[in-house]
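Presented below is the structure to which this report refers.
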Amino acid sequence: EFFIFIWCISSLFSGLSLFHSGTRLNRGLRSFYAQRNHDRDAFIMNSKASNVIDDVITYDGPLSCMDDMTAGCAIENLGISVLVGPSKVMAKAGIEGMGVYIALNDDVTESKLPSGAVICGYSRGTFSNSSIGDKTVAFAFCNTEVLIFLNKKLVSLKDAIQSLSVTNNENFDLLYSVYGHFVSEVEGKLTIFPDENFDDDRYFIPFSLEQNSTAIINMGMMANDLAYSNDIENESEYLEQSKHKNVLTLVWRMELIDQKMLVPTWPVVILNRDLRFVNKEPMELGIQYSWRYWMASRALQRGLIEGEKGETYLE
(Lines give C-alpha, C1' and ligand atoms only; values in the text may rest on other atoms or scores of the structure.)
Protein backbone atom coordinates (compact mmCIF):
# COMPACT_ATOMS: atom_id res chain seq x y z
CA GLU A 1 0.00 0.00 0.00
CA PHE A 2 1.11 3.52 -0.81
CA PHE A 3 1.19 4.70 2.81
CA ILE A 4 2.96 1.68 4.32
CA PHE A 5 6.56 2.34 5.15
CA ILE A 6 9.68 1.17 6.91
CA TRP A 7 10.12 2.91 10.24
CA CYS A 8 13.65 3.97 11.02
CA ILE A 9 15.20 6.13 13.71
CA SER A 10 17.76 7.59 11.39
CA SER A 11 19.47 5.46 8.72
CA LEU A 12 19.18 1.83 7.69
CA PHE A 13 22.35 -0.20 7.56
CA SER A 14 22.87 -3.68 6.20
CA GLY A 15 25.71 -6.09 6.93
CA LEU A 16 26.37 -4.42 10.25
CA SER A 17 29.07 -6.39 13.83
CA LEU A 18 29.67 -5.29 17.26
CA PHE A 19 32.89 -5.99 19.10
CA HIS A 20 33.34 -5.22 22.75
CA SER A 21 36.95 -4.94 23.87
CA GLY A 22 37.83 -7.24 20.99
CA THR A 23 35.10 -9.78 21.82
CA ARG A 24 31.92 -10.00 19.78
CA LEU A 25 28.71 -9.66 21.76
CA ASN A 26 27.34 -13.16 21.22
CA ARG A 27 23.92 -12.68 22.78
CA GLY A 28 21.64 -11.53 19.98
CA LEU A 29 18.52 -9.50 20.58
CA ARG A 30 16.27 -12.44 19.73
CA SER A 31 17.34 -14.31 22.87
CA PHE A 32 17.48 -11.12 24.94
CA TYR A 33 14.02 -10.15 23.76
CA ALA A 34 12.64 -13.57 24.69
CA GLN A 35 14.17 -13.35 28.17
CA ARG A 36 12.91 -9.79 28.78
CA ASN A 37 9.36 -10.14 27.45
CA HIS A 38 7.82 -7.73 29.94
CA ASP A 39 4.18 -6.84 30.43
CA ARG A 40 4.05 -4.29 27.62
CA ASP A 41 0.35 -3.62 28.02
CA ALA A 42 0.97 -2.45 31.60
CA PHE A 43 3.81 -0.21 30.45
CA ILE A 44 1.39 1.69 28.21
CA MET A 45 -1.55 1.65 30.59
CA ASN A 46 0.52 3.19 33.39
CA SER A 47 0.90 6.52 31.58
CA LYS A 48 -0.92 9.37 33.32
CA ALA A 49 -2.87 12.42 32.26
CA SER A 50 -2.00 15.84 33.66
CA ASN A 51 -4.22 18.46 35.23
CA VAL A 52 -1.47 21.07 35.51
CA ILE A 53 -0.75 21.74 31.82
CA ASP A 54 -1.52 25.36 30.95
CA ASP A 55 -1.96 26.95 27.51
CA VAL A 56 -2.38 23.55 25.89
CA ILE A 57 -3.68 23.19 22.33
CA THR A 58 -6.95 21.34 21.81
CA TYR A 59 -6.41 18.60 19.27
CA ASP A 60 -8.39 18.87 16.04
CA GLY A 61 -7.72 15.98 13.68
CA PRO A 62 -9.63 14.14 10.97
CA LEU A 63 -12.97 13.13 12.49
CA SER A 64 -14.58 9.72 12.16
CA CYS A 65 -17.39 8.02 14.06
CA MET A 66 -17.36 5.33 16.71
CA ASP A 67 -19.44 2.96 14.60
CA ASP A 68 -16.60 2.79 12.05
CA MET A 69 -13.98 1.70 14.58
CA THR A 70 -12.91 -1.94 14.32
CA ALA A 71 -10.86 -2.22 17.54
CA GLY A 72 -9.92 -0.16 20.56
CA CYS A 73 -8.63 -0.01 24.09
CA ALA A 74 -9.73 2.29 26.92
CA ILE A 75 -6.79 3.71 28.88
CA GLU A 76 -8.43 4.71 32.13
CA ASN A 77 -5.41 6.60 33.49
CA LEU A 78 -5.47 8.91 30.47
CA GLY A 79 -9.24 9.19 30.17
CA ILE A 80 -9.06 8.20 26.50
CA SER A 81 -9.57 5.28 24.18
CA VAL A 82 -7.06 4.46 21.45
CA LEU A 83 -8.87 3.05 18.45
CA VAL A 84 -8.30 1.60 15.00
CA GLY A 85 -10.57 2.23 12.04
CA PRO A 86 -10.55 3.13 8.34
CA SER A 87 -8.13 6.02 7.81
CA LYS A 88 -9.65 9.33 6.78
CA VAL A 89 -6.39 10.61 5.30
CA MET A 90 -5.93 7.48 3.20
CA ALA A 91 -9.53 7.59 2.05
CA LYS A 92 -8.98 11.18 0.93
CA ALA A 93 -6.14 9.90 -1.26
CA GLY A 94 -8.43 7.21 -2.70
CA ILE A 95 -6.73 4.37 -0.82
CA GLU A 96 -8.19 1.86 1.61
CA GLY A 97 -6.29 1.41 4.87
CA MET A 98 -6.47 1.64 8.63
CA GLY A 99 -5.54 4.51 10.93
CA VAL A 100 -5.02 5.22 14.64
CA TYR A 101 -7.66 7.30 16.45
CA ILE A 102 -8.26 8.79 19.87
CA ALA A 103 -11.52 9.62 21.68
CA LEU A 104 -12.52 10.50 25.22
CA ASN A 105 -13.93 7.81 27.45
CA ASP A 106 -17.66 8.09 28.21
CA ASP A 107 -17.20 9.47 31.74
CA VAL A 108 -14.56 12.07 30.79
CA THR A 109 -15.13 15.65 29.60
CA GLU A 110 -11.51 16.47 28.73
CA SER A 111 -8.06 14.94 28.93
CA LYS A 112 -4.81 16.91 29.03
CA LEU A 113 -1.89 14.72 28.01
CA PRO A 114 1.75 15.78 28.37
CA SER A 115 4.39 15.48 25.70
CA GLY A 116 5.91 12.03 26.03
CA ALA A 117 2.68 10.29 27.04
CA VAL A 118 2.70 6.74 25.67
CA ILE A 119 -0.26 6.27 23.32
CA CYS A 120 0.37 2.74 22.03
CA GLY A 121 3.01 0.21 21.15
CA TYR A 122 4.28 -0.19 17.63
CA SER A 123 3.78 -3.95 17.38
CA ARG A 124 4.59 -7.33 18.80
CA GLY A 125 7.57 -8.73 16.96
CA THR A 126 11.08 -10.09 17.08
CA PHE A 127 14.59 -9.01 16.13
CA SER A 128 16.58 -10.05 13.07
CA ASN A 129 19.90 -9.28 11.42
CA SER A 130 18.14 -8.24 8.21
CA SER A 131 15.15 -6.17 7.20
CA ILE A 132 12.03 -8.17 6.37
CA GLY A 133 8.89 -6.61 4.95
CA ASP A 134 7.82 -2.99 4.81
CA LYS A 135 7.18 -2.29 8.50
CA THR A 136 10.65 -3.06 9.85
CA VAL A 137 12.12 -0.71 12.45
CA ALA A 138 15.91 -0.37 12.28
CA PHE A 139 17.76 0.35 15.50
CA ALA A 140 20.10 3.09 14.25
CA PHE A 141 20.95 6.47 15.77
CA CYS A 142 22.95 9.36 14.34
CA ASN A 143 22.58 11.77 17.27
CA THR A 144 22.24 11.48 21.04
CA GLU A 145 19.42 14.01 21.42
CA VAL A 146 16.76 11.46 20.47
CA LEU A 147 14.39 10.32 23.20
CA ILE A 148 14.25 6.79 24.58
CA PHE A 149 12.50 5.01 27.43
CA LEU A 150 14.82 3.66 30.11
CA ASN A 151 13.54 2.30 33.42
CA LYS A 152 10.05 3.46 32.38
CA LYS A 153 11.27 7.07 32.11
CA LEU A 154 11.50 9.16 28.96
CA VAL A 155 15.05 10.52 28.70
CA SER A 156 17.42 11.61 25.98
CA LEU A 157 19.89 9.02 24.76
CA LYS A 158 22.64 11.44 25.80
CA ASP A 159 21.43 11.52 29.41
CA ALA A 160 21.11 7.74 29.47
CA ILE A 161 24.69 7.29 28.27
CA GLN A 162 26.05 9.91 30.67
CA SER A 163 24.27 8.24 33.59
CA LEU A 164 26.20 5.05 32.78
CA SER A 165 29.53 6.86 32.63
CA VAL A 166 29.26 8.04 36.24
CA THR A 167 28.53 4.60 37.72
CA ASN A 168 32.24 3.85 38.14
CA ASN A 169 31.67 0.43 36.56
CA GLU A 170 35.06 -0.88 35.54
CA ASN A 171 33.45 -2.81 32.68
CA PHE A 172 31.86 0.30 31.16
CA ASP A 173 33.31 1.43 27.83
CA LEU A 174 31.79 4.56 26.30
CA LEU A 175 32.68 3.45 22.77
CA TYR A 176 30.46 0.36 23.01
CA SER A 177 27.79 1.67 25.38
CA VAL A 178 24.92 1.43 22.83
CA TYR A 179 24.21 -1.83 21.05
CA GLY A 180 25.35 -1.82 17.43
CA HIS A 181 26.84 1.69 17.63
CA PHE A 182 30.04 3.55 18.36
CA VAL A 183 29.85 6.38 20.89
CA SER A 184 32.54 8.99 21.50
CA GLU A 185 32.97 12.30 23.29
CA VAL A 186 34.75 15.22 21.69
CA GLU A 187 35.12 18.49 23.61
CA GLY A 188 32.31 17.50 25.93
CA LYS A 189 29.87 16.58 23.13
CA LEU A 190 28.65 13.02 22.68
CA THR A 191 28.48 11.65 19.15
CA ILE A 192 27.03 8.35 17.96
CA PHE A 193 26.92 6.45 14.71
CA PRO A 194 26.00 2.87 13.75
CA ASP A 195 28.73 0.27 13.40
CA GLU A 196 28.67 -0.42 9.66
CA ASN A 197 30.24 -3.87 10.18
CA PHE A 198 27.55 -4.95 12.63
CA ASP A 199 25.88 -8.23 11.61
CA ASP A 200 23.77 -9.06 14.66
CA ASP A 201 20.07 -8.37 15.34
CA ARG A 202 19.54 -4.69 14.52
CA TYR A 203 16.07 -4.90 12.97
CA PHE A 204 12.76 -5.13 14.81
CA ILE A 205 10.41 -7.21 12.66
CA PRO A 206 6.73 -6.73 13.53
CA PHE A 207 4.47 -9.73 13.43
CA SER A 208 2.01 -9.60 10.55
CA LEU A 209 -1.53 -8.42 11.12
CA GLU A 210 -2.57 -12.05 10.77
CA GLN A 211 -0.27 -12.96 13.69
CA ASN A 212 -1.28 -9.88 15.70
CA SER A 213 -4.70 -9.58 17.23
CA THR A 214 -5.33 -5.82 17.23
CA ALA A 215 -4.37 -4.57 20.68
CA ILE A 216 -2.84 -1.52 22.36
CA ILE A 217 0.69 -2.82 21.85
CA ASN A 218 0.47 -3.11 18.05
CA MET A 219 -1.71 -0.18 16.95
CA GLY A 220 1.24 2.09 16.18
CA MET A 221 2.10 0.25 12.97
CA MET A 222 -1.19 1.55 11.53
CA ALA A 223 -0.49 5.28 12.09
CA ASN A 224 -0.43 7.47 8.98
CA ASP A 225 1.23 10.73 7.97
CA LEU A 226 -1.43 13.47 8.11
CA ALA A 227 0.79 16.19 6.67
CA TYR A 228 1.40 15.10 3.11
CA SER A 229 -0.61 15.92 0.02
CA ASN A 230 0.29 15.97 -3.67
CA ASP A 231 -0.04 19.75 -3.58
CA ILE A 232 3.03 20.13 -1.36
CA GLU A 233 5.98 21.26 -3.46
CA ASN A 234 9.03 21.16 -1.19
CA GLU A 235 10.44 19.79 2.04
CA SER A 236 10.11 22.97 4.08
CA GLU A 237 6.41 23.16 3.25
CA TYR A 238 5.97 19.50 4.19
CA LEU A 239 7.82 19.90 7.49
CA GLU A 240 5.74 22.96 8.35
CA GLN A 241 2.56 20.97 7.75
CA SER A 242 3.93 18.04 9.73
CA LYS A 243 4.77 20.29 12.67
CA HIS A 244 1.11 21.20 12.97
CA LYS A 245 -0.60 17.95 11.98
CA ASN A 246 1.54 15.02 13.14
CA VAL A 247 1.42 14.65 16.92
CA LEU A 248 2.96 11.18 17.30
CA THR A 249 6.60 10.10 17.48
CA LEU A 250 8.21 6.66 17.53
CA VAL A 251 10.77 6.02 20.28
CA TRP A 252 12.70 2.99 21.49
CA ARG A 253 12.24 1.38 24.85
CA MET A 254 15.69 0.26 26.03
CA GLU A 255 17.31 -1.69 28.83
CA LEU A 256 20.75 -1.93 30.35
CA ILE A 257 22.56 -5.27 30.24
CA ASP A 258 25.58 -6.15 32.37
CA GLN A 259 25.63 -2.55 33.63
CA LYS A 260 27.49 -1.49 30.51
CA MET A 261 25.38 -1.56 27.35
CA LEU A 262 22.02 -0.09 26.31
CA VAL A 263 19.99 -2.42 24.10
CA PRO A 264 16.56 -2.00 22.45
CA THR A 265 13.55 -4.03 23.54
CA TRP A 266 10.68 -2.70 21.39
CA PRO A 267 9.43 0.57 19.86
CA VAL A 268 6.51 2.56 21.29
CA VAL A 269 4.52 5.57 20.10
CA ILE A 270 4.29 8.77 22.16
CA LEU A 271 2.82 12.25 21.90
CA ASN A 272 5.37 14.83 20.75
CA ARG A 273 3.60 17.79 22.40
CA ASP A 274 1.18 18.68 25.20
CA LEU A 275 -2.40 18.23 23.97
CA ARG A 276 -5.95 18.61 25.23
CA PHE A 277 -8.62 16.25 23.96
CA VAL A 278 -12.34 17.04 24.19
CA ASN A 279 -13.66 14.88 21.32
CA LYS A 280 -16.10 12.09 22.06
CA GLU A 281 -15.95 10.87 18.48
CA PRO A 282 -12.65 9.43 17.18
CA MET A 283 -10.04 11.76 15.67
CA GLU A 284 -7.18 10.32 13.63
CA LEU A 285 -3.61 10.80 14.89
CA GLY A 286 -0.64 11.27 12.57
CA ILE A 287 3.08 10.58 12.56
CA GLN A 288 5.76 12.08 10.31
CA TYR A 289 7.24 9.74 7.73
CA SER A 290 9.83 11.88 5.88
CA TRP A 291 10.11 14.03 2.78
CA ARG A 292 12.45 11.41 1.33
CA TYR A 293 9.66 8.87 1.67
CA TRP A 294 7.19 11.00 -0.25
CA MET A 295 9.68 11.84 -2.99
CA ALA A 296 10.42 8.13 -3.45
CA SER A 297 6.69 7.41 -3.54
CA ARG A 298 6.15 10.07 -6.21
CA ALA A 299 9.00 8.63 -8.26
CA LEU A 300 7.61 5.12 -7.92
CA GLN A 301 4.20 6.31 -9.06
CA ARG A 302 5.78 7.85 -12.14
CA GLY A 303 7.83 4.70 -12.76
CA LEU A 304 11.11 6.61 -12.50
CA ILE A 305 12.76 4.25 -10.00
CA GLU A 306 12.50 0.58 -9.15
CA GLY A 307 11.77 -0.79 -5.72
CA GLU A 308 9.03 -1.61 -3.27
CA LYS A 309 6.40 1.05 -2.71
CA GLY A 310 6.60 2.56 0.69
CA GLU A 311 10.20 1.77 1.62
CA THR A 312 11.58 4.81 3.40
CA TYR A 313 13.41 6.21 6.37
CA LEU A 314 11.52 7.80 9.24
CA GLU A 315 13.42 10.97 10.09
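The values are calculated or read from the model by the stated rules, or taken from the named source; none is laboratory data. Because the structure is predicted, anything quoted here is derived from the model rather than measured. No Cβ is skipped: glycine too gets one built from the backbone with ideal geometry, and neighbour counts run over all protein chains shown. Ligands, DNA and RNA are stripped out before the accessible areas are found, and what is left, the full protein with its side chains, is counted by its heavy atoms. Shrake-Rupley method; radii C 1.70, N 1.55, O 1.52, S 1.80 Å.
The figures follow:
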{"quantity": "Dipole of the stretch 70-211, positive end: most advanced residue of Ala91, Ile75, Val183 [Cβ charges, Cα centre]", "calculated": "Ala91"}
{"quantity": "P(r) of the stretch 192-276 over all Cα-Cα pairs, binned every 10 Å from zero, in whole percent", "calculated": "12, 31, 33, 22, 2, 0"}
{"quantity": "Whole-Hz ³J(HN,Hα) from phi, Karplus 6.51 cos²θ - 1.76 cosθ + 1.60, for the stretch 179-190, glycine and proline x", "calculated": "3, x, 9, 10, 10, 9, 10, 10, 6, x, 10, 7"}
{"quantity": "C-alpha center-to-center spacing [the stretch 157-198, the stretch 245-292] in angstrom", "calculated": "23 Å"}
{"quantity": "Accessible area in square angstrom per residue, the stretch 208-264, 1.4 angstrom probe", "calculated": "43 Å²"}
{"quantity": "Förster radius 30 Å - calculated FRET efficiency between Thr214 and Gln301, Cβ distance, rounded to 0.05", "calculated": "0.55"}
{"quantity": "For a label point 7 Å along the Cα-to-beta-carbon line of Gln162, residues of the stretch 180-202 with backbone N under 18 Å", "calculated": "183-193"}
{"quantity": "Debye log10 I(q)/I(0) at q = 0.15 Å⁻¹ for the stretch 84-153, Cα point scatterers", "calculated": "-0.92"}
{"quantity": "Burial ranking of peptide ranges 188-196, 227-235 (average Cβ count within 10 Å, highest at the top)", "calculated": "188-196, 227-235"}
{"quantity": "Cα Rg over Rh - the stretch 127-187, Kirkwood", "calculated": "1.02"}
{"quantity": "Distance in nm between pseudo-label sites at Glu237 and Arg276 (7 Å out along the Cβ direction from Cα)", "calculated": "3.3 nm"}
{"quantity": "Spread of Cα-to-Cα distances over 5 Å intervals beginning at zero, given as percent, for the stretch 99-209", "calculated": "2, 9, 15, 17, 17, 15, 10, 7, 5, 3, 1"}
